[in-house]
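Step one of this worksheet: look at the structure below.
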Amino acid sequence: MRKIAVLVGSLRKESFSRKVAKNVMDLFPSEFETEIIPIGELALYNQDLDDGNKPPESWRNFRNKVKESEAVLFVTPEYNRSVPGVLKNAMDVGSRPMKDSVWKGKPAAVISNSPKNLSGFGANHHLRQSLVFLDMPVVQQPEVYLANVATLLDEDGKINKEDTIQFLQSFVDTFVKLINQNNG
Ligand code: FNR
């Protein structure tokens, strides 16, 4: 199985971002296994622990999980016009020790969303700024900004708008092409 790591930038039980992520995970071809990698239990990044070669178990498990994956899908809300701290912490944990960054060269794709009109543009692009430095080829088009996200989801958390599903399918298809090119 070809693994795709999915990182969700919210720990909220009823997170719209997680619901969107689950819908998008269903759109990958069957040869891919998608998995949400938990980030809520990651100890806050502290460089001393890497410098002393004593990374916490939560970091080691997370780093291994991402390393096993071919690519990474990010689905995030925006907090204070930027990336939620919990997701930034996960990015930082995965990026060190620098010579062993789990992100390097892995294809990535970004979805941002919001319950109102903004759609998480600030988070989306602050995340992309980090992905440039982390040397991850990112799906450029289509960009995915989901505004008024609650209106896209039914009571079971399923996306209920056919044009949104088709749009997200085209995004996943582009991501799969990028992943395949990267391995070619
Ligand atoms: C928010 N929210 C928010 N929304 C937005 O569109 N732009 C923003 O800058 C912020 N800032 C912000 C900061 C903090 C600390 C919180 C808790 C919330 C609202 C946010 O979009 C809303 O709570 C979403 O429902 C969060 O995403 P999940 O948990 O539904 O995935």
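Here is how the numbers come out for the structure above:
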{"item": "Enumeration of residues in region 95-116 that are within 16 Å of the ligand (Cβ to nearest atom), part of a loop (DSSP other than H, G, I, E, B) and within 25 Å of Val172 (Cβ to Cβ)", "result": "Ser114, Pro115"}
{"item": "Residue, farthest from the ligand (Cβ to nearest atom), within region 1-57, restricted to residues that are under 13 Å from the mean Cα position of the chain (by Cα), within 23 Å of Val93 (Cα to Cα) and in a helix (DSSP H, G or I)", "result": "Ala21"}
{"item": "Hey, Gly122 part of a helix (DSSP H, G or I), in contact (Cβ under 8 Å) with a residue 24 or more places away in the chain, farther than 26 Å from Glu70 by Cα and over 14 Å from the mean Cα position of the chain (by Cα) or not", "result": "yes"}
{"item": "Test: residue in region 1-12 that is modelled with pLDDT under 95 and within 30 Å of Thr164 (Cβ to Cβ)", "result": "yes"}
{"item": "Residues located in region 140-156, provided they are loosely packed, with under 14 Cβ neighbours inside 10 Å and either of a type in the set (A, V, I, L, M, F, W, C) or within 12 Å of Val24 (Cα to Cα) (or both)", "result": "Ala150"}
{"item": "Subset of region 147-184 [among the basic types (Lys, Arg) and under 20 Å from the mean Cα position of the chain (by Cα)]", "result": "Lys158, Lys177"}
{"item": "The listed residue being basic (Lys, Arg) and without any contact (Cβ under 8 Å) to a residue 12 or more places away in the chain, out of Lys54, Lys22", "result": "Lys54"}
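Conditions (1) modelled with pLDDT of 95 or more; (2) out of contact with any His (no Cβ under 8 Å at 6 or more places or on another chain); (3) within 20 Å of Lys22 (Cβ to Cβ); (4) of a type in the set (D, E, K, R), marked per residue:
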site	(1), (2), (3), (4)
Gln47	yes, yes, no, no
Lys67	yes, yes, no, yes
Val93	yes, yes, no, no
Ile111	yes, yes, yes, no
His125	yes, yes, no, no
Leu131	yes, yes, no, no
Gln141	yes, yes, no, no
Ala147	yes, yes, yes, no
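The values are calculated or read from the model by the stated rules, or taken from the named source; none is laboratory data. Only a predicted model underlies this, so the values are computations on that prediction, with no experimental measurement involved. Note: ideal-geometry Cβ built from the backbone for every residue, glycine included; neighbour counts use all protein chains shown.
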